[in-house]
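Taking it in order: structure first as structure tokens, then the write-up.
The values are calculated or read from the model by the stated rules, or taken from the named source; none is laboratory data. Given the structure is predicted, the values throughout are model-derived calculations rather than measurements. Please note: Cβ atoms are built from the backbone with ideal geometry, for glycine as well, and neighbour counts cover all protein chains shown.
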Amino acid sequence: MARRFTALPETNVGLLMPSSVAGDMALVALQLAGKVPVALNWTTGPANLEHAVKLLGLRHVVTSNQFIDRLEEKVVAAVKSSGAQILCLEDIRKEIRKRELLGTLLALRLRPGHVKAQVAKVSPEQPAVVLFTSGSEKAPKAVPLTHQNLLENQRASLSVLDLTRQDSMLGFLPLFHSFGLSVTSLMPLLSGIRVVHHPDPTAASSLVRKIATYQPTLMAGTPTFVSAILDRAAAAPEQLRSLRLIFVAAEKAPEELKSKCRELVPGATLLEGYGITECAPVISVNPPSAPRAGTVGKPLPNVEVCVVKMEEGNPEALGEELPRNTRGMLLVSGPNVFPGYIGQGGKSPFLARAGKRWYVTGDLAEVDPDGYIRLAGRLKRFLKVGGEMISLPALEEPLAAKYPPTDDGPRVAVEGTESPRRIVLFTTLDISLEAANDLLNKSGLRGIMRFDDVKRLDKIPTLGTGKVDNTSLRALITPPSSVSSPPR
């Protein structure tokens, strides 16, 4: 495949593949050909997909006939309308004759040095892959990750996870997801552990059967997807007995998930971590030997973090470093931090402090005296009302605990606007405004920590990563009526 990709005239080549052996092979083949794979996210809608193709100047997109047959027609049309030609792996495979296969095999066995010498030479600082941010809060941004970013992150992650050659991984997150690319594709490829892939992260029943059949010892995913797997295995939890480590990240792990894990997979340890696409992506993880509840673990050995003060009246203005156990803006520095967005103007995501370049994560956090990080939520998920900061995740938590997600997705979500103040509970259930605010009161949230409205939806919109699509929810918020209510 690399020989055929080498003939493509452009450097950036789109990759539209789910978690799969074929996806891993295409990723490596593009690397061997000296190309930069651009992992395309088909779940954020045709407009964002078309934007990605045009922004990176893609002339070819590698995919699979079997896969595009399962995608919505408008998604495939968005790629074609952008001027990119679709290359299907099945068609490429048909071109490769048995003589070429045999010759390649013999060359690899008898002259490995000669084959290695033919691989494209690249600098560690060159982009190795381009991913896109999730788009849960704003339009997705193009994130180039260099070879150094990815390799340093892999080395550091492996140094704390205590994996062995006897381990095997269940991988179901797509290649466009930084967690999927790094933990369930690159880590097995670079460390030598085995991986069993499944293309659909929402197919909980199929994933349970795959665990029972292939007996993987490791599973990595978002809390939403992992929780669905545990729910589906509840009637026969022995299907999960091979698991020893379950990694969750990309969203807060609810207490209910931790309880399910202890009950259904007592032989496994649930490890919560923290990562960002721009950081290749792992920043911290709870070490298997010393996990700490309520935290996302310690920073990786080559990653530095610090928490800085947000200036009063202007949260985006950052001040001095704060002492331990004090909440502020989390900054990250290290060889895993990306060089900068592609085609993105505006404010720089970096800050220079003490002779180092720091990435401003946008996450509020505190670090305890032992170095464990405790997240408080995204700054964009806070509203400033009447001089006070209102945490939307804090409002959501009591409702999500009482009405946890099902196989159909989340049943509650919270979004809001500052001016005018409008905090809305979105739900698929019949919950009155009075009942929702009463639950907040019983949880200790009072005063300005309340809902202004409840909106019933048939389904809470989500992205392909399982995250709630906050952008879509925000668009559904209407300002309070300007018509005066009659006196009561």
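For segment 423-437, what are the residues that are crowded, with 20+ Cβ neighbours inside 10 Å and among the β-branched types (Val, Ile, Thr)? Explain how you work it out, then say what you get.
In the first step, residues of segment 423-437 are kept if they are crowded, with 20+ Cβ neighbours inside 10 Å; the result is 423-427, 436.
Hits for segment 423-437 are ILE423, VAL424, THR427.
Need at least 1 residues that are over 26 Å from PRO216 (Cα atoms) per element, so show me which strands (runs of 3 or more DSSP E) inside segment 249-331 make the cut, counting only ones lying wholly within it.
Counting at least 1 such residues, we get 304-311, 314-321.
Residues that are surrounded by 14 or more Cβ atoms within 10 Å (Cβ to Cβ) and either aliphatic (A, V, I, L, M) or in contact (Cβ under 8 Å) with a residue 24 or more places away in the chain (or both): does segment 93-101 have at least one?
Taking every residue of segment 93-101 in turn, none turns out to be surrounded by 14 or more Cβ atoms within 10 Å (Cβ to Cβ) and either aliphatic (A, V, I, L, M) or in contact (Cβ under 8 Å) with a residue 24 or more places away in the chain (or both).
Can you tell me which residues in segment 70-88 are among the charged types (D, E, K, R) and either farther than 21 Å from ARG4 by Cβ or in a strand (DSSP E or B) (or both)?
The answer is ARG70, GLU72, GLU73, LYS74.
Between LEU230, LEU245, which is free of Cβ contacts under 8 Å to residues at least 60 places away in the same chain and at negative phi?
Among LEU230, LEU245, only LEU230 is free of Cβ contacts under 8 Å to residues at least 60 places away in the same chain and at negative phi.
Looking only at segment 455-468, count how many residues are of a type outside the set (A, V, I, L, M), in a loop (DSSP other than H, G, I, E, B) and over 20 Å from VAL226 (Cβ atoms).
Matching residues across segment 455-468 total 3.
Which members of segment 405-421 meet the condition of being buried (at least 19 other Cβ atoms within 10 Å of the Cβ) and out of contact with any Lys or Arg (no Cβ under 8 Å at 6 or more places or on another chain)? I'd like the intermediate steps shown before the answer.
Taking segment 405-421 first, the residues buried (at least 19 other Cβ atoms within 10 Å of the Cβ) are 405, 410-416.
Selection gives PRO410, ARG411, VAL412, ALA413, VAL414.
Against the condition touching a Gly at 6+ places or on another chain (Cβ under 9 Å) and either farther than 26 Å from GLY14 by Cα or not assigned by TED's automatic domain parsing to the domain that holds GLN66 (or both), how does ARG194 come out, does it pass?
no
Here's the yes/no breakdown for (1) touching a helix residue (DSSP H, G or I) at 6+ places or on another chain (Cβ under 8 Å); (2) modelled with pLDDT of 95 or more:
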{"site": "ILE211", "(1), (2)": "yes, yes"}
{"site": "TYR214", "(1), (2)": "no, yes"}
{"site": "ILE229", "(1), (2)": "yes, yes"}
{"site": "ARG244", "(1), (2)": "no, yes"}
{"site": "LEU257", "(1), (2)": "yes, no"}
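Pull up segment 61-120, narrow it to residues that are of a type in the set (S, T, N, Q) and within 18 Å of PRO37 (Cβ to Cβ), then point me to the one that is nearest to the chain's Cα centre (by Cα).
Taking the candidates together, the pick is THR63.
Across segment 261-289, what is the total count of residues that are of a type in the set (A, V, I, L, M, F, W, C) and either at pLDDT below 95 or closer than 22 Å to PRO127 by Cα (or both)?
Of segment 261-289, the ones of a type in the set (A, V, I, L, M, F, W, C) are 261, 264-265, 268, 270-271, 276, 279-280, 282-283, 285.
Okay, now just the ones that are also either at pLDDT below 95 or closer than 22 Å to PRO127 by Cα (or both), so 276, 279-280, 282-283.
Qualifying residue count for the region: 5.
Assess whether LEU40 counts as being touching a Ser or Thr at 6+ places or on another chain (Cβ under 9 Å), within 21 Å of SER178 (Cβ to Cβ), at pLDDT 95 or above and aliphatic (A, V, I, L, M). Spell out how you get there, then give the answer.
Values: touching a Ser or Thr at 6+ places or on another chain (Cβ under 9 Å): yes; within 21 Å of SER178 (Cβ to Cβ): yes; at pLDDT 95 or above: yes; aliphatic (A, V, I, L, M): yes.
Yes; evaluated as a whole, the condition is true for this residue.
State which residue pairs qualify: first residue within 13 Å of LEU190 (Cα to Cα) and inside segment 146-162, second residue of a type in the set (A, V, I, L, M, F, W, C) in any location, beta carbons under 6 Å apart, and separation of 6 or more residues or different chains.
Final answer for the pair search is HIS147/ALA128; LEU150/ALA128; LEU150/ALA280; ASN153/ALA280; ASN153/VAL282; GLN154/LEU190; ALA156/LEU300; SER157/VAL282.
Is there a residue being among the hydrophobic types (A, V, I, L, M, F, W, C), surrounded by fewer than 24 Cβ atoms within 10 Å (Cβ to Cβ), more than 21 Å from GLU152 (Cα to Cα) and within 22 Å of the chain's Cα centre (by Cα) anywhere in segment 287-298?
Yes, the conditions are met somewhere in segment 287-298.
Give the residue that is nearest to LEU330 (Cα to Cα), with candidates limited to residues of segment 345-358 that are within 23 Å of the chain's Cα centre (by Cα) and surrounded by 15 or more Cβ atoms within 10 Å (Cβ to Cβ).
TRP358
Do you know which residues across segment 333-389 are touching a Leu at 6+ places or on another chain (Cβ under 9 Å), closer than 23 Å to ALA142 by Cβ and among the aromatic types (Phe, Trp, Tyr)?
PHE338, TRP358, TYR359
Of all the residues that make up segment 5-21, how many are part of a helix (DSSP H, G or I) and either crowded, with 24+ Cβ neighbours inside 10 Å or touching a His at 6+ places or on another chain (Cβ under 9 Å) (or both)? Please lay out each step first, then the result.
Keep residues of segment 5-21 that are part of a helix (DSSP H, G or I), which gives 5-6, 21.
Imposing the further condition that a residue be either crowded, with 24+ Cβ neighbours inside 10 Å or touching a His at 6+ places or on another chain (Cβ under 9 Å) (or both) reduces the set to 5, 21.
Counting residues in segment 5-21 that are part of a helix (DSSP H, G or I) and either crowded, with 24+ Cβ neighbours inside 10 Å or touching a His at 6+ places or on another chain (Cβ under 9 Å) (or both) gives 2.
Residues being part of a helix (DSSP H, G or I) and either among the polar types (S, T, N, Q) or surrounded by fewer than 23 Cβ atoms within 10 Å (Cβ to Cβ) (or both): count how many of those fall in segment 180-210.
Residues that pass the stated criteria total 13.
Which one of ALA203, ALA253 is free of Cβ contacts under 8 Å to residues at least 40 places away in the same chain, small (Gly, Ala, Ser) and more than 26 Å from LEU375 (Cβ to Cβ)? Write out each step before concluding.
Values: ALA253 fails: more than 26 Å from LEU375 (Cβ to Cβ).
The conditions single out ALA203.
Considering only segment 79-101, state which residues are in contact with a His (Cβ under 9 Å, 6 or more places away or on another chain) and modelled with pLDDT under 90.
Of everything in segment 79-101, just one residue is in contact with a His (Cβ under 9 Å, 6 or more places away or on another chain) and modelled with pLDDT under 90, namely SER82.
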